[in-house]
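What follows is one structure encoded as structure tokens, with my remarks underneath.
No value in this document is a laboratory result; all are computed from the given coordinates. Being a predicted model, the structure only gives us computed values, none of them experimental. Glycine also receives a Cβ, built like all others from the backbone with ideal geometry; neighbour counts cover every protein chain displayed.
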Amino acid sequence: MQSITIKGTKRESVGKVATKALRNADKVPCVIYGKDTIHFSAEEKAFKNLVYTPSVYTAVIELESGEKFETILQDIQFHPVTDKILHIDFYELSADKPVTMHIPVRLEGNSKGVKDGGQLLFTNRKLNIRALPGNLPDEIVVDITDLAIGDKFFLNELADGDYEFLHPESMVVVQVKTMRAAIVEEVEETEGEEGATEEGAAETTEGSEDSKE
């Protein structure tokens, strides 16, 4: 898997005052969890190619002291209004310990079903896999050339000895439907979402009335 290097500085103070000062200086407070817990900070712009991309990378954290840690991004917090990065957690990789990651799926080829007037439904654009760090792929490629109208590409067709998929084998990754069937499915999904929203709104309203009392 491709890697991005982040240069940072170890943090001696981790209190609220120190953290606020870092953010005011456009730096991001971070933590590496692993054999030891390491607190460090880095320029916010240093995370641009790691965070704002559909691709997945490991991150090598290189501190001023010369220490290096091979990690994966575990959690990230954004400001609710400005979307500035507030905090990032990293997990230190170990060559003999498997990790779980969301890996993007890339479609390859031109489906004959689409050429015949069908519509491609690509609903699972990322897949959860578990693998040793050395076996983590950059992406998972699905060849859709032979997919005709009505065909489905199932997860079990992607079986690989280097990593394990954390989904049911019968899960559909991509499929080709007739245009009408695809439209009906999209409408049903939309109606389902609207119904759930309305129910949620009703529950919220009742809750707000209770709180007023």
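Couple of notes before you dig in:
- 3J(HN,Hα) along the stretch 53-69, derived from phi through the Karplus expression 6.51 cos²θ - 1.76 cosθ + 1.60 where θ = phi - 60°, amounts to 7, x, 6, 10, 9, 8, 10, 9, 8, 10, 8, 4, 6, x, 6, 10, 10 Hz, with x in place of Gly and Pro.
- Under the Karplus curve 6.51 cos²θ - 1.76 cosθ + 1.60, θ = phi - 60°, whole-Hz ³J(HN,Hα) for the stretch 34-51, x wherever Gly or Pro sits: x, 4, 10, 9, 10, 9, 8, 9, 8, 4, 4, 5, 5, 9, 3, 6, 8, 8
- What you get for the stretch 3-92, charging only the Cβ of Lys and Arg (+1) and of Asp and Glu (-1), is a dipole of about 280 debye around the Cα centre.
- Look at the dipole of the stretch 99-188 built from charges on Cβ: of 179, 128, 100, the Cα furthest out on the positive end belongs to 179.
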